[in-house]
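Only the coordinates and a few stated rules stand behind these numbers; no lab work does. Since the model is a prediction, treat every value here as computed from it, not as a measurement. Cβ sites come from the backbone with ideal geometry, for glycine too, and all protein chains shown count toward neighbours.
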Amino acid sequence: MKTQRNILMAFVLNLAFSIFEFMGGIFTGSVAILSDAVHDIGDAASIGVSYLLERKSLRQPDETYTYGYARYSVVGGLTTTLILMLGSVAMICKAIGGIIDPPQIHYDGMIVFAVVGVVVNFLAAWVTHNGDSVNQKAVNLHMLEDVLGWALVLVGAILMRFTDFALLDPMMSIGVSAFILISAIRNFSEVMDLLLEKAPKDMNVAEIKEHVCAIEGVEDVHHIHLWSMDGKNHYATMHIVTDRSPHEIKDKIRHELQANGIVHVTLELESPGEHCHELYCHVHSRVTTGHCHHHH
């Protein structure tokens, strides 16, 4: 699998590089480099986690995980995000210390490290840029952030080299960390939406109901549930009231829903006079109950 190989390469590169970075941060006395190092170690850890979980997430459904393992990929995203959130908060605290008591910084060394940083991370981002899982996107986002973080450090190092304004270093560190924190929080809310079974962003229950209602022979649609396994594969279940042959109705509905990006549909068919026994069946909600109006 291409995604897997990409993630593994990114992991090895990141881990090796973050060790090199810690040494750089200590050697040059730069908090900005250290905060990048923390960020990269966070990335490496999270990439390692997502590599293992991505592999697991591709397994077919079995008796234990009847829906398959796709959620493992989401858990990978969650772990990554938490690591980054903690790391960036820790670095902000350290940088505030650096503003109160500015460190001695070795500017030339910092410039050299930053150049290497930009190059290595650019290569890593380039290697991992294609892939479509939430996980792969998260990994690639880290890579791009690393490139930007290092570009910033490089510019800062050059400025400090000529102005000797050492406070710039902790200020950059705060900038980088705040940026990481904001994107991690955004990522976190996406992951939580998946874990809380929220209806996918690009899907609207009312709209889906309309589409299904428009199919000839469908008298009513209710008890609609939409959720997403991993941000790519969407699932739906619903009750359909019809007096047509189940076979043709099911075919038509499946076809209609697949066109709307739903990969897995479970349909319960009821005949027109039948009583629906589900608890929520006749909760009077504009969206999930009410008969279809066909225009003849």
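You can think of it this way: the chain between K250 and H264 has 3.8 nm of extra reach, that is 0.36 nm per residue less the Cα-Cα gap. Both radii are taken from the alpha-carbon atoms of the range 2-195; with Rh as the Kirkwood radius, Rg/Rh is 1.04. Descending by average beta-carbon neighbour count within 10 Å, the peptides 170-183, 37-50 line up as 37-50, 170-183, the highest first.
Helix 168-195 axis versus longest C-alpha principal axis of the chain: approximately 20°, rounded to the nearest ten. Okay, which of the range 230-264 sit inside 12 Å, backbone N to the point 7 Å along the Cα-Cβ direction of E197? Within reach of a label on E197: 236-237. Within the chain, antiparallel bridges make up roughly 55 percent of the DSSP beta bridges whose residues both belong there.
Starting from the 7 Å offset along Cα-to-Cβ, what nm value, one decimal, do you get for the label separation of H275 and E219? So the two model labels end up 1.7 nm from each other. Applied to the range 95-105, the Karplus parametrisation 6.51 cos²θ - 1.76 cosθ + 1.60 on θ = phi - 60° returns per-residue 3J(HN,Hα) values of 5, 4, x, x, 6, 5, 10, x, x, 7, 10 Hz, with x for Gly and Pro.
Charged side chains reduced to their Cβ positions (Lys and Arg at +1, Asp and Glu at -1) give the chain a dipole of some 600 debye around its Cα centre.
Rounded to the nearest 10 degrees, the angle from helix 107-127 to the longest Cα principal axis of the chain is 30 degrees. Please give the FRET efficiency for I158 paired with R5, using the beta carbon to beta carbon distance and R0 = 30 Å, rounded to the nearest 0.05. So the FRET efficiency works out to roughly 0.25.
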